[in-house]
Each structure stands twice: as structure tokens, then as C-alpha cells.
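The values are calculated or read from the model by the stated rules, or taken from the named source; none is laboratory data. Remember, predicted model here, so these are calculated numbers, not experimental data. Neighbour counts are summed over all protein chains in view; Cβ atoms, including those assigned to glycine, are modelled from backbone coordinates with ideal geometry. All accessible areas refer to the heavy atoms of the entire protein, side chains included, with ligands and DNA or RNA removed. Shrake-Rupley method; radii C 1.70, N 1.55, O 1.52, S 1.80 Å.
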Amino acid sequence: MLVGVKDELEKLRERMESIGVHLESAEQRRHTDMTVGIWVKKLKDVIIDLCMIKGRRLLEDHPSESAMEIMGRLKLRRSSYPVFPLYFQKDSLFYWEKDVWEHFTRNTNVAIDIGAEIRQVDKMDPDGGWKLLCKMVFRDDDEKEESSRLKEIGVQIVEKCGGVPLAIKVIAGVLRSKERSDLEWNKVLKSEILDLASRESSHTLPKAITELCNLRCLRLKGSRVPKGIGKLKHPNHLEGFVMGHDDDDDFFGGRFPSWMMSPSLDVSFPNPTKIMLSLCTSCPQLPPPGLLPQLKYLYIERAGAIKTIGPEFLGPRASSAATSFPNLQELQLSYMRNWEEWWFGMVEGIGEERRGAPKLLPRLSKLELIACPKLREPTACHQFRGIEYQSCQGPKTEIWDCPSLLLSTMPDLQTPLRPKKKKVWVDYLVKFRWVVVIFVVLPVSFTIYFLTYLGDVKSTMKSEKHRQKEHEENVKKVVNRLKQRNAKKDGLVCTARKPYIAVGMRNVDYKRARHFEVDLSAFRNILEIDKERMIAKVEPLVNMGQITRATVPMNLALAVVAELDDLTVGGLINGYGIEGSSHIYGLFSDTVVALEVVLANGQVVRATKDNEYADLFYGIPWSQGTLALLVSAEIKLIPIKEYMRVTYTPVRGSLKELAQAYADSFAPRDGDTSKVPDFVEGMIFMPTEGVMMTGRYASKEEAKKKGNVINGVGWWFKPWFYQHSQKALKKGEFVEYIPTREYYHRHTRSLYWEGKLILPFGDQWWFRWFFGWMMPPKVSLLKATQGEAIRNYYHDHHVIQDMLVPLYKVGDALEYVHQEFEVYPIWICPHRLFKLPVKTMVYPEPGFELHHRQGDTSHAQMFTDIGVYYAPAAVLRGEEFNGAEAVLRLEEWMIQNHGFQPQYAVSELTEKNFWRMFDGAHYEHCRRKYGAIGTFMSVYYKSKKGKKTEKEVQEAEAAILEPAYAEEA
């Protein structure tokens with residue numbers, strides 16, 4: 001260290017201590033003399049600034065690590081913000097955190113080292129802090145009852161204040177102005193104000209910090225960018241950079257800060273690798289990120305004021321030989337509704353072999369242009385020609401919802417945009433199909449619903465004994481019918497329901513060939529609700545709407561209640577059923593306790609998991625009724641409460657980030673089961689944002705507390721549920737209480753979002769108010785009135801698919817669906833897949849329990865249903881789309897990733913691939929053991945798309961159609 005510098009710094013410290021003595025005396029007088037108080041405040045700021053500038057100049061003149069350490073140990077105080085201890089090691093690291101109190105406590109050893117006097121505020125324990133909060137908020141004796149009711153939230157607020165009395169007092173002032181309700185106090189608990197209590201200036205960098213000459217790292221933890229950041233020089237690392245507020249992602253400024261628009265942005269910030277500019281709705285010009293040397297990922301979305309992106313995007317030196325975006329790998333420009341032009345001005349010929357030409361995007365591997373409706377000829381894209389990319393085939397490009405884009409101007413760009421589809425007569429039938437739906441389907445549907453309801457009421461008026469007697473008589477009829485079958489000429493056995501009656505979109509093609517029908521239409525009664533055993537015994541045609549009407553008033557429900565009213569018990573057991581509680585209880589079939597079935601020989605048996613028919617019990621799910629005829633089931637009941645407390649949480653980011661947020665919403669990483677909600681589902685509304693919904697059962701008393709919001713989503717005039725949940729993207733997280741039964745059937749009126757495709761104006765307020773009471777149209781009637789042409793049209797131009805994939809692969813699956821279909825919204829719902837005593841048709845991954853992945857347990861692997869329902873974006877744009885090929889690729893993806901495809905959907909699986917996806921060993925064992933071969937159709941024969949030929953019927957009857965195994969490739 002240079003001679004004299006240390007002495008000068010020590011003198012500087014001594015002067016500050018001397019001044020501090022005088023200030024302490026003045027501090028005591030300022031409480032009685034306002035003039036002295038003002039003088040003290042000003043003098044403090046001036047002295048600190050002068051000392052910092054003096055110290056800085058000493059360091060600039062005589063730089064050394066020792067000098068920096070001494071300077072850093074100076075304890076600075078300002079009247080407008082708390083103490084900020086600075087400790088410069090050789091990294092020159094400074095932390096700017098919201099939690100200043102905690103940071104100061106951690107660094108008191110610095111002050112001790114230099115012998116400074118330490119005055120720490122004693123932190124209060126939760127009880128003491130709660131008493132202080134009560135004293136400040138509840139000042140009247142008659143408010144004691146309110147304080148007791150709000151104590152739980154209040155203690156959490158106190159704990160979040162860190163026990164600091166000043167912070168508690170500040171929050172008390174806020175709470176006094178709020179309504180005394182759980183909702184309002186929860187808002188305060190979750191708001192940023194707790195972190196900013198008594199520290200208004202925490203969003204402003206102290207002047208002394210902006211003058212630090214050797215700052216290397218600035219961490220902005222959980223905060224907006226503070227004022228004064230533009231004065232910093234050459235920080236090598238900037239962490240936690242967030243524009244706008246945490247609870248409102250819009251950046252309302254009319255332009256970006258000057259430091260972002262600086263022509264030397266790459267000099268000031270040489271190391272950023274990822275930038276996302278989102279919701280900068282009022283900025284007409286973008287920053288110049290083109291020369292950032294380490295930038296790899298750039299995402300710009302919802303920049304509504306941008307009309308042109310020009311050479312300024314590359315930076316002021318774009319016309320030189322410098323490389324623009326030298327390391328950029330992914331570029332996404334999305335939802336820019338006013339963006340019209342994209343050009344690079346002076347950089348014409350970029351990528352061409354000429355001396356001195358600048359290079360553009362040399363490492364770009366992915367370009368996405370999404371929902372930019374006004375974008376015309378992107379001149380910039382011409383300049384991609386001739387560029388050498390890391391990928392030998394050039395950048396992977398995705399362009400959709402950009403109707404003004406002229407593809408003819410982009411001959412060298414690899415794009416999935418398809419040629420325009422020529423309209424044919426069936427396109428107009430589909431477009432105006434709503435006329436038939438309104439005047440035929442809806443009135444008839446409503447009539448059927450009403451008559452079905454009367455039938456259910458009539459059934460409930462009968463005694464359990466009478467219903468059981470009717471059941472036994474109907475079972476005898478089934479047995480007799482089976483005995484009438486002539487195996488040589490009558491065909492294979494199936495139910496007598498019309499082909500279009502099934503709720504699924506797969507048309508029942510097997511019924512269009514020779515078959516033998518058995519009528520099960522009488523099996524639609526709830527036989528018993530056993531409150532002691534917590535079992536509901538029901539017949540196979542009992543639907544979800546019917547059973548919730550019976551059980552919910554008793555504060556009971558099936559453990560898994562499928563969302564749509566029309567879904568029947570038989571279909572959910574023989575096929576597939578899921579709900580928001582499946583992350584706890586598994587699929588619908590996992591909640592079954594016993595099955596009563598009629599075998600091929602007419603024998604009636606009761607199968608449970610631990611009796612002699614246990615193999616049949618495990619074999620029936622997913623068998624599509626091809627092992628036996630189901631005539632009743634005993635299903636697990638659970639206790640419930642009157643309301644569901646639903647929390648709507650918006651999430652933003654990439655599809656993989658959305659998938660992780662979804663997993664975190666119901667599978668806490670710390671394994672705390674108390675955080676697991678009763679219900680969970682997610683909706684991905686676009687590639688960068690979605691809403692996660694979690695529900696917990698709540699009592700009537702809780703729901704009706706003052707300040708709580710109750711939303712009766714079941715009323716016909718209410719907004720459709722998926723659109724209601726989407727509001728969280730604008731208003732932020734919110735909580736409401738929904739009557740439990742209405743929550744169970746929240747997607748019924750709109751058929752998820754398929755109702756929008758069937759009736760384009762069905763979600764409008766006027767339609768909901770005047771015609772919403774007739775919704776939804778019955779799926780069976782929609783299928784009955786569509787005709788062969790419309791049916792084939794939907795197979796090729798519409799997607800109704802569910803993908804069951806392991807939880808850890810959800811991010812990959814979402815990216816695949818986006819690439820292949822571009823369908824939004826997407827529904828995601830978790831479910832357990834249990835490790836059973838036998839290997840059934842669907843099963844968890846072998847050895848899953850060894851990996852200890854998020855959501856998994858030793859006895860069950862967590863899967864997710866990814867629901868893809870709607871017309872692909874290419875179809876909506878009027879482009880060619882081959883639905884059969886897309887589904888075929890989807891099925892192969894699921895096979896490769898241990899996924900499963902529910903068989904209600906249209907399938908393109910070959911016989912070989914069917915048994916690659918599903919395991920058939922146990923299924924074939926049951927078919928042989930219980931005589932199903934030659935009597936009942938095989939599951940592949942029943943699921944296969946297309947009308948069966950007479951040859952196929954004969955082969956099926958002879959039991960030579962399918963071996964239940966995958967052939968070797």
C-alpha cells in the first residue's frame with residue numbers, strides 16, 4: 001500500500017466519528033427543535049456524500065485491495081434509508097436487497113472489526129409482534145372478536161415483517177385502512193408492501209453507490225430496477241433484473257430507461273445471456289441488444305407500440321464488420337399486434353461473402369414469429385440467406401397467426417406454414433353449423449336433459465330395496481340375452497346403444513358391421529349410498545351429474561368426479577376418467593372397490609382386488625367392455641364441504657417453465673403434504689402464459705365470512721369457466737369460493753372450450769343470458785346430426801386428444817403439442833398411476849421409484865393428462881392440415897415417452913403400435929380365462945378406426961385378429 005493513503009483513510013474515519021458525536025447531540029435536540037431536525041437531515045446526506053467522494057478519489061489515485069477494504073468498512077447512514085453496510089472484497093460485490101434488516105444483521109461483524117458502535121433493534125417474537133399489531137389496528141374493545149378471527153393471518157404478517165417493530169407499525173397503518181376480512185389481509189400478506197415497509201427508498205439506489213468506481217456485481221433480489229442504475233459504470237454482473245412491479249407485469253413507461261437505450265449497452269453489460277421484454281406496451285422503440293456479446297435467448301412479447309424494427313435493433317455499429325447477435329440461439333417475437341415492418345437498413349447483404357460485411361445471427365437455431373397479424377414482408381429475413389448456422393439445415397422457424405405475412409418473399413426460410421386450403425362445400429356446412437345447433441340440437445338437448453332429470457328424481461323416490469330388486473331382474477335379462485346368442489351367425493357381443501351415443505369423439509365403427517346387441521339401457525339407478533362403509537353402489541349408466549345431485553347434499557362425493565355431467569360410471573371404469581383430485585386418488589377406476597359383471601357364459605360374479613376374481617378386477621379398466629358386461633360398481637366416497645376455495649395463479653415463461661410452475665402448484669419440492677391441495681388443474685392459454693388453479697374444500701361458514709367472494713359458476717348467465725380463469729392473467733392471483741357441486745361441473749356448459757367452436761358467439765353475454773340455460777348441446781346429438789362428410793372433416797381438421805405422460809415430461813409434451821398442433825388453450829391435470837400387484841394395460845415406468853422425482857412416491861408415479869381440444873392453428877388460418885398424420889406422429893411420440901392415449905379419442909394406431917403403447921399380457925390372460933375370446937370383441941378391434949369388413953368380423957370371431965404383444969421391430 002502506498003505510504004500515506006492508509007493514514008488519510010484512517011483520518012477520514014476519525015473525522016466521521018467526531019462529526020458523529022456532534023450529530024448525536026443534535027439528534028437529542030431535534031425532537032424539541034424542528035429547525036435542528038431539518039439541519040441534521042441535510043447535514044447527514046452532505047457529510048456522507050463528501051466522505052464517499054473523498055474516499056473514492058483516494059482509491060482512484062491509489063488503488064489497492066487493502067485500501068478498498070478500509071473504505072468499504074465505513075458505515076454510511078442516511079436519514080431517508082436504513083443502514084447499508086458495504087464490504088468490498090476482491091470481487092467488489094454489493095448486495096441491494098429488499099431484506100435490508102437481515103443483510104445488516106449478517107454483516108455486523110464488519111462494524112465490529114473497525115470498532116464501531118452497534119445499535120441493533122431487538123426483534124419481537126410472533127406473540128409480541130401480534131400484540132403490537134393488534135394495539136395499532138384494533139383500538140376498540142368491540143373489535144376483539146375481529147382480531148381473534150384474523151389472528152392466523154396477522155401472525156404470518158408479523159413473521160414476514162421479521163419481527164422489526166418499525167415494520168410492524170408501518171403495516172398496521174396499512175391494515176387500518178383496509179376492510180377487516182381474510183381476503184384483504186391476505187392481499188397485504190402477499191403484497192410487496194411487506195418487503196418495503198418503512199423503506200420507501202429501497203427502489204432508489206443511494207447516490208454513493210452510483211458513484212462506486214469498481215463495482216463488479218449488483219444483485220437486485222426480488223425488486224424492480226432502482227432509480228440511479230443508469231449512473232453505474234461497467235458492472236460485469238447484474239442479477240435479478242425486473243422491470244415493472246411483481247404484481248403487475250406491465251411496464252407503463254413511454255420509453256425504456258436511457259441506460260437500456262445506450263449505444264454502449266454492450267460495454268456496460270457484457271454478460272447477459274437471456275433477455276425477456278414483456279408487456280412494454282407504450283414503448284415505440286426497442287433497445288439495441290444486437291451487440292450484446294453473450295446474449296443467447298431473446299424473447300419480445302406484447303410490445304404493442306412497436307410498428308417497425310429497424311437497424312437500431314442491431315446497435316449503432318451494425319453497418320461495420322462487427323457481428324450482430326454473435327451468440328444468439330433463440331429469437332421469439334410474439335403477440336405484437338401493431339408490428340408491420342422488419343428491416344435492417346444499412347446491412348443489406350448481410351451474410352454474403354464480401355469483405356468487410358457485417359455478420360448477422362451466426363448461431364441462430366430457432367426463430368419464432370407468433371401472432372403478429374400486421375407483419376408484412378420481413379425484409380430482414382432475406383438477409384438470413386447464405387448465413388452459416390450451427391444447425392446444418394439452418395434455423396428452425398415457426399410462424400403462426402401472421403396473416404399478412406407474404407411467404408413468397410421468404411423462399412429461403414424453413415417454415416411450417418402450409419399452403420392455403422381450397423374451400424369446398426363441407427367448409428361452409430361446418431361454418432354455418434351453428435344454425436342447426438341453435439334451432440335443433442339445443443332445444444332437443446334441453447328436452448332430453450329435462451326428461452332424464454325427471455327419471456332420476458323418479459328413481460330416487462323408490463326405496464333401495466325396490467331399486468335392488470329391479471336391478472336383479474335386469475341382470476337376469478342380460479344373462480338370458482347372452483344365452484340366446486348363436487356363436488356361428490350372430491356376431492360379437494356389444495351393447496345396444498346407438499353408435500353416436502358415446503360422449504367420446506371416436507365414432508363407434510364396430511357397430512356398423514355384424515354384431516350381437518345386449519340392451520343395458522335400464523341400468524341407470526343409484527342402488528345404495530352407504531355412509532358407514534363410505535361406498536356408493538351404482539349401475540353403469542349413472543352419470544356424474546346424477547350422482548353429485550344425490551351425494552353432495554350429504555357432504556359426500558366420489559373420490560374422483562369427472563367434470564362433464566354426461567360421463568357415465570361404466571365408461572369411466574371400462575375406459576378412462578380423471579378429475580382435479582386424481583393427484584391424490586388416481587384415475588376413476590382406482591377408486592372402485594368392487595365390480596359386478598356378467599361373463600361370456602352368463603355367470604354373474606363380483607370382483608374385488610382381494611377375492612378369487614382379483615385378476616378380472618384389475619383387467620377390466622381400459623378394456624372397453626371386452627372382458628365382461630358391467631352391471632354395477634361399488635365406488636369409494638369421501639367427505640366434502642359445501643364450498644371449494646379456488647386460487648387462480650397466473651404464471652408466465654417458456655412452456656417448460658409453465659410446466660414446472662404447474663408441478664410446483666400441487667407437488668411441493670420439500671415434500672410437505674400439508675401444501676397439497678384437494679383439487680388442481682392448469683390451463684395454458686398461449687406458449688408463454690397460463691393459469692394454475694388449486695382448490696381446497698371450505699365450509700359454508702368460511703365461505704360466507706365478510707369480504708370473501710362467492711362465485712356461482714353454475715348459473716347459465718355466468719362467463720364460461722375457462723374464460724373466467726383467464727382473468728388472472730390481467731388481474732393477478734385471486735381467490736374465490738365456488739359451491740362444490742358447481743365446481744365439479746365447471747366445464748360442462750362450455751364443454752371446456754369446444755363450445756366456442758360449436759357456437760362462435762356462445763360466450764357472449766347476450767347469448768348466455770337469453771339462451772345459456774339450454775347449454776350444453778348433447779355430444780351424442782352433435783354426432784347424430786353431423787353426417788358422414790362433417791364427421792370426416794372433424795377427423796382431419798379437429799383435435800380431441802388426451803395425452804397421459806409422466807409429470808417430468810410435461811414440458812417436453814407441451815413443446816411437442818405446440819410444434820405439431822398449435823392448439824390453445826391446453827388443459828393439464830395430474831393423476832397418480834399406481835404400482836399394482838399385476839401389470840395392467842397402463843402402468844408406471846419400471847424403476848420410477850428409484851429416481852425420487854417430483855410428485856412420485858414409492859407406490860405411485862405422478863402422470864399428467866394433457867388435454868388438446870380444438871382446431872389447430874393451421875386450420876383456423878385456412879391452411880392445409882392432415883389430422884390423421886398429425887395424430888399418428890403424436891401416438892408415436894407417446895409410445896417413445898411412455899405415454900398413453902385414452903381410447904375415446906380418434907386413433908390411428910396400427911395393431912402393432914397399439915400393443916407397443918399398452919401392455920396386453922394380463923388382458924389376454926383374462927380373455928382366455930373368462931371365455932371372452934370369440935364372444936366379446938377385442939379391445940383393439942373395438943378401438944380401431946373405420947368400418948369393419950366382413951373378413952375382419954370373421955377373423956375376430958375366430959379369435960385370430962390380434963396377438964396382444966408388440967412384434968419385434
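A few comments on the model shown:
- Answer from E885, E849, E880 - the residue that is surrounded by fewer than 21 Cβ atoms within 10 Å (Cβ to Cβ) and touching a Pro at 6+ places or on another chain (Cβ under 6 Å): E880
- Some residue of region 547-557 being within 24 Å of T647 (Cβ to Cβ), open to solvent by 10 Å² or more (accessible area, probe 1.4 Å) and part of a loop (DSSP other than H, G, I, E, B): yes
- Qualifying residues in region 913-938 (those that are of a type in the set (S, T, Y) and not in a helix (DSSP H, G or I)) - the one nearest to D490 (Cα to Cα): T935
- The single condition from (1) open to solvent by 50 Å² or more (accessible area, probe 1.4 Å); (2) modelled with pLDDT of 75 or more that E353 fails is (2).
- Candidate set: region 845-875, residues that are without any contact (Cβ under 8 Å) to a residue 60 or more places away in the chain and not in a loop (DSSP other than H, G, I, E, B); chosen: the one nearest to the chain's Cα centre (by Cα): F863
- In region 758-778, the residues that are within 25 Å of V424 (Cβ to Cβ), assigned to a loop (DSSP other than H, G, I, E, B) and open to solvent by 20 Å² or more (accessible area, probe 1.4 Å): P760, F761
- Matching residues, region 779-804, being part of a loop (DSSP other than H, G, I, E, B) and surrounded by fewer than 19 Cβ atoms within 10 Å (Cβ to Cβ): T785
- From the options T281, T273, residue that is of a type outside the set (F, W, Y), modelled with pLDDT of 80 or more and surrounded by fewer than 18 Cβ atoms within 10 Å (Cβ to Cβ): T273
- Checking each residue in region 720-745 for being outside any helix (DSSP H, G or I) and surrounded by fewer than 19 Cβ atoms within 10 Å (Cβ to Cβ) picks out K727, G732, E733, F734, V735, E736, P739.
- Checking every residue in region 830-844 against the condition of being farther than 19 Å from M803 by Cβ, assigned to a strand (DSSP E or B) and open to solvent by 30 Å² or more (accessible area, probe 1.4 Å) gives at least one match.
- Exactly one residue out of V479, V426, V441 is in a helix (DSSP H, G or I), surrounded by 14 or more Cβ atoms within 10 Å (Cβ to Cβ), in contact (Cβ under 8 Å) with a residue 24 or more places away in the chain and in contact with a Gly (Cβ under 8 Å, 6 or more places away or on another chain), and it is V479.
- None of K675, K700 is among the basic types (K, R) and in contact with a strand residue (DSSP E or B) (Cβ under 9 Å, 6 or more places away or on another chain) except K700.
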